1. I want to check the label-to-label distance for Tyr56 and Ser101. Put each point 7 Å from Cα in the C-beta direction and report it in nm to one decimal.
2. So how much slack lies between Tyr67 and Lys48, counting 0.36 nm per residue of separation and subtracting their Cα-Cα distance, in nm?
3. Of Lys33/Lys74; Lys48/Lys76; Lys76/Lys131; Lys6/Lys33, which pairs sit farther than 30 Å apart, going by alpha carbon to alpha carbon?
4. Determine the relative contact order of segment 3-72: mean sequence separation of Cα pairs under 8 Å and six or more apart, normalised by residue count, in whole percent.
5. Assuming 0.36 nm per residue, please report the length gained on full extension of the stretch Met125 to Arg30 beyond their Cα-Cα distance.
6. Beta carbons within 10 angstrom, averaged per residue: use that to sort the peptides 115-122, 59-66, highest first.
7. May I have the extent of the alpha carbons of segment 24-120 along their three principal axes, as whole Å values ordered from largest to smallest?
8. How large, in Å, is segment 4-44 by the Kirkwood hydrodynamic radius built from its alpha-carbon pairs?
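Please treat every number below as a calculation from the coordinates, not as lab data. Here the structure is a predicted model, which is why all the values come from computation and not from measurement. Please note: Cβ atoms are built from the backbone with ideal geometry, for glycine as well, and neighbour counts cover all protein chains shown.
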Amino acid sequence: MLLAWKAFSHTLRDLVRDRLFDLRDEVRERFPKEGWGLDDPLYAELRKLINAHIRYIERCRFVGLLYLVFSGNKGKLELAAQELEERLRSTNPEQDIFIQSIRNKAVREVQIYMVCTSLTCWVFMACVFAKALYMLLTQGAVKARSVVARQLQSKEWGKRDNLEVISLKTCCPILT
């Protein structure tokens, strides 16, 4: 099982890195096409950010994110986020929108990696799924039973063909 987990996490890491490389290529193609130039300081900053995501993806962990958010170091986080915002702000609205969309895509990729490689998240998702399945099987069947019971007692149901009623009772005994 440990080998499967390692293989999964390495495969996911490679997949996320490939997507980040694609984003970097998209930036490299779009800047000259729009006339912004590859010598633009925003291009260098955006490329540096994407390269950092690629380089440090293995260090990104969901538990680390939770620690950063809840540790009380919000001042440092907000300061770092503000500095990044200032370095990546453009006076050109079209360029600003493009940079923001690339940043959002890059962050989404990193978040996917963080969540999918976190054992804590998998355990949490398994618990949520088990509870949802339990509720569906217990409460869902109860609700479905009451709907069928109301239909069986209604006047319209009495007009139905007996074969249809028998079929329903045979195929879905939990509902009747």
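1. 2.7 nm
2. Extra length from Tyr67 to Lys48 when fully extended: 4.3 nm.
3. Violating the 30 Å limit, Cα to Cα: Lys33/Lys74; Lys76/Lys131; Lys6/Lys33.
4. After rounding, I find 32 percent.
5. 30.4 nm
6. 115-122, 59-66
7. Sorted from largest, the Cα extents of segment 24-120 read 45, 27, 18 Å.
8. 11.8 Å
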